[in-house]
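In what follows, a structure is listed as structure tokens, so that the remarks can point back to it.
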Amino acid sequence: MTVRLGFGLGMDAATENLLHELETSPTDLRRLVISALWRNRTAIAIEAEAIARWERDDPRSWSSVQDWLLSQNITITVLRTRAAAPSCHLPPPPHAPQPPAANLPT
């Protein structure tokens with residue numbers, strides 16, 4: 001059975017059930033699923049911090065969403081956070097030799 005959202009998105013019963021379960025999740029996983037439905041892509045990139053937060057705040061829902069993404073043949077790419085680029089302070093350039101001052105004996 002396929003259910004249609006008001007936006008013209010077709011959903012199977014598993015997707016509909018998942019979205020219903022995610023309504024009570026303290027996370028934004030429901031938005032992730034809806035985004036995946038809208039974009040209809042084969043891969044999705046997710047920040048590592050987001051995954052860590054979902055694993056901490058609602059591990060059961062994250063596991064369900066992971067299973068759903070994989071069942072939809074959507075590959076998950078985890079984006080690692082880049083450490084802040086070290087500020088590169090170069091030493092000041094050495095002083096250029098000054099020409100001898102005028103009126104001084106050489």
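Derivation of every value follows stated rules applied to the coordinates shown; laboratory data play no part. Everything numeric here is computed off the predicted structure, so don't read it as measured data. Using ideal geometry, Cβ is built from the backbone for each residue, glycine included, and neighbour counts are taken over all protein chains shown.
Remark: D12, D58 ranked as D12, D58, counting other beta-carbon atoms within 10 Å and listing the fewest first. Multiplying the residue separation of T24 and S63 by 0.36 nm and subtracting their alpha-carbon distance yields 12.5 nm. When a/c is below 1.5 the answer is rounded, else prolate if a/b is larger than b/c, else oblate, so apply that to segment 2-79 with a ≥ b ≥ c taken from the square roots of the Cα gyration tensor eigenvalues. It comes out oblate by the Cα gyration axes.
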